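Remarks on the structure that follows.
What follows draws every value from the coordinates through simple rules; no lab data is involved. Here the structure is a predicted model, which is why all the values come from computation and not from measurement. Glycine also receives a Cβ, built like all others from the backbone with ideal geometry; neighbour counts cover every protein chain displayed.
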Amino acid sequence: MSVRRLAPDHVQPASFAFDAANENWIAQQIAKYPEGRQASAVIPLLWKAQEQHHGWVPRAAIEEVARKLGMAPMRVMEVATFYTMFNLQPVGEHFVQLCGTTPCALRGAEALKKVCQDVIGPQSTVTADGKLSWLEVECLGACCNAPMAQINFDYYEDLTPENFKALLEDLRHGRPVKPGPQNARTGSEPEGGGETLKDQALYDGSAIGAGDWQKRVTNQRKAAAEAAAAKAAAEAEAKKAATIATDAKGADVAKVDATPAAATKPATDTAAAGRPKPSAPAQPTGAAHDTPAAEGQPESTKAKTPRSRAKSAKSGDKPAE
Ligand code: FES
């Protein structure tokens, strides 16, 4: 792990300013955050400063980022020194980050360190031509292709002292190089090729049908097509029979409608004949006139009982009509 300190004063630039293109990019980044939260853009701005300043972040860039975001310089310094993605020392044109964690160490990373020391020099120093520098880092997540190194933005894997040394020389002299595994592997399959799933029958389908799977599938498709055709024919036949029955029923109805109107009794008469005649309202019985309720009625409206009628006749009163 590298020591997270700023580069010595004699390599620090006197000032730093973002170029016009980056100023425009920075404005867009800052605009992503709500008012008062511009400090959230500190990592993108530091990254852009590193990109512009040949792969490392000088003190002047840290101060410029702090000024742009309205932060205390120390707050930006804390971020820059915490994250190892920010280089605080000058780096070469090809910056080698060599993984030294256990899987890579078990697969020969120590020998690769010696190559770096021999070809480049001590860690965190740049070759005199400015082409190469190197740093030991922690696991970069490509352990299945250990040992490996990241150079600028690409991974180089399955390294050996020989192919690693040749790779560094190619980079130094500007020759084309191939990222990824530096042996015959194309990914992370076993060295020397795959050991399992090699039976071709797994891929031509014969393993699932004892050799005649194509014939079986063809027959299944044929049977399914015949069944579908038979079903469609049966449905068409049933529809046809239903249409014929409907037409016959319509003809019978038309025959009934053709009968002379006079020969048929109006439906209302028929209905009336079948209905019982309304009965006459029930007549009040004499007993009903003797109910107590009748006594509460006015004299003129009271019904005359036999006794009252006899009394009226004896007294000469005219019986009530
Ligand atoms: S240990 Fe080296 S990449 Fe994981």
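Here are some notes:
- Cβ-Cβ FRET estimate between R75 and H173, R0 fixed at 35 Å, reported to 0.05: 0.25
- Computed E for W25/E162 - FRET, C-beta separation, R0 35 angstrom, nearest 0.05: 0.25
- FRET efficiency estimate (nearest 0.05) - Cβ-Cβ, A105 to Y33, R0 41 angstrom: 0.50
- Local electrostatic count at L69 - Lys and Arg +1, Asp and Glu -1, tallied over other residues with Cβ under 15 Å: +1
- Exceeding the 31 Å Cα-Cα cut-off - candidates K68/K113; K48/K178; K178/K198; K48/K131; K32/K113: K68/K113; K32/K113
- Residues whose amide H falls under 5 Å from that of Y155, counting only those 5 or more places apart or on a different chain, are G180, with hydrogens built in the peptide plane.
- Full extension of the chain between D247 and Q117 gives 36.7 nm of extra length, using 0.36 nm per residue less the Cα-Cα distance.
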